[in-house]
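Heads up: the structure comes next, in structure tokens.
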């Protein structure tokens, strides 16, 4: 089976898809500050790489994997103080995902897999609220492996597990692998490590990057990033989404 981009198909080609084998995958990211070295679309880039890796795996298993255009705007209040960041109300994000799942299900694409790379607490809460609503409705199914939780988080890198992973080694490595031309390499190599744990700051009640100790909107070690690490991480992320989809299909 092939990996298909929904927006590049005609309506008749979508009509003719084998519904028994089709999985729709939507990358979900954000437009927000990612240090002085990564683009605002970093989370979108990571989500798209995760989605495409998962789609390739599912296609190899005989499924029709349909990639949707990415959702790029969401709740991003932690980075809201940095120019270029776009932040929506969480309820808007929830409503968007619910309507998306229902619209796809109306045309027989009943299984929606969310490839999410944005970890703002308000955003994650918005997705969880959408999952709850979708699962209560008839006709739509949704898969959302939250990589901040077990069993998924333990599969990712040491920096990711430390919580100091916003625009650090973890994310910078993935962007180096997926879109190296968008990394400001001279700046990246010059940045000192920022070991402050963003997840720890969230648990402590801090609500933005500045309070959490990230005055330049990065946490972790950008200078330590490597494209080969990023490529491996993309495969791990793809495997996580694939596994979550297969578990849902098995039900």
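The values are calculated or read from the model by the stated rules, or taken from the named source; none is laboratory data. Here the structure is a predicted model, which is why all the values come from computation and not from measurement. Cβ coordinates were reconstructed from backbone atoms using ideal geometry, including for glycine residues, and neighbour counts include every protein chain displayed.
Determine whether residue 225 is surrounded by fewer than 16 Cβ atoms within 10 Å (Cβ to Cβ) and either in contact (Cβ under 8 Å) with a residue 24 or more places away in the chain or on the phi < 0 side of the Ramachandran plot (or both). Spell out the reasoning first.
Details: surrounded by fewer than 16 Cβ atoms within 10 Å (Cβ to Cβ): no; either in contact (Cβ under 8 Å) with a residue 24 or more places away in the chain or on the phi < 0 side of the Ramachandran plot (or both): yes.
No; evaluated as a whole, the condition is false for this residue.
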Step by step: first the residues of the range 203-212, then only those that are under 15 Å from residue 34 (Cα atoms) and in contact with a helix residue (DSSP H, G or I) (Cβ under 7 Å, 6 or more places away or on another chain), then the one that is surrounded by the most Cβ atoms within 10 Å (Cβ to Cβ). Which residue is that?
209
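Can you tell which of 108, 81, 56 is surrounded by fewer than 19 Cβ atoms within 10 Å (Cβ to Cβ), at pLDDT below 95 and touching a helix residue (DSSP H, G or I) at 6+ places or on another chain (Cβ under 9 Å)? Can you show your working first?
Working: 81 fails: at pLDDT below 95; 56 fails: at pLDDT below 95.
Every option except 108 fails the conditions.
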Take residue 28 and decide whether it is surrounded by fewer than 19 Cβ atoms within 10 Å (Cβ to Cβ) and either touching a residue at least 60 places away in the same chain (Cβ under 8 Å) or within 13 Å of the chain's Cα centre (by Cα) (or both).
no
Residues being surrounded by fewer than 24 Cβ atoms within 10 Å (Cβ to Cβ) and assigned to a loop (DSSP other than H, G, I, E, B): count how many of those fall in the range 31-45.
5
Do we find that residue 94 is assigned to a loop (DSSP other than H, G, I, E, B), touching a helix residue (DSSP H, G or I) at 6+ places or on another chain (Cβ under 8 Å) and modelled with pLDDT of 95 or more in this structure?
no
When the range 1-21 is checked residue by residue, the ones that are surrounded by 15 or more Cβ atoms within 10 Å (Cβ to Cβ) and either at pLDDT 95 or above or in a loop (DSSP other than H, G, I, E, B) (or both) are 1, 4, 6, 14, 17
Take residue 48 and tell me if it is in a helix (DSSP H, G or I), farther than 21 Å from residue 152 by Cβ and at pLDDT 95 or above.
no
Unmet criterion (only one of (1) over 19 Å from the mean Cα position of the chain (by Cα); (2) surrounded by 15 or more Cβ atoms within 10 Å (Cβ to Cβ); (3) without any contact (Cβ under 8 Å) to a residue 60 or more places away in the chain) for residue 230:
(1)
Here's a check for you: in the range 58-80, which residue that is free of Cβ contacts under 8 Å to residues at least 60 places away in the same chain and assigned to a helix (DSSP H, G or I) is nearest to the chain's Cα centre (by Cα)?
59
Go through the range 112-154 and report how many residues are crowded, with 20+ Cβ neighbours inside 10 Å, in a helix (DSSP H, G or I) and more than 17 Å from the chain's Cα centre (by Cα).
1
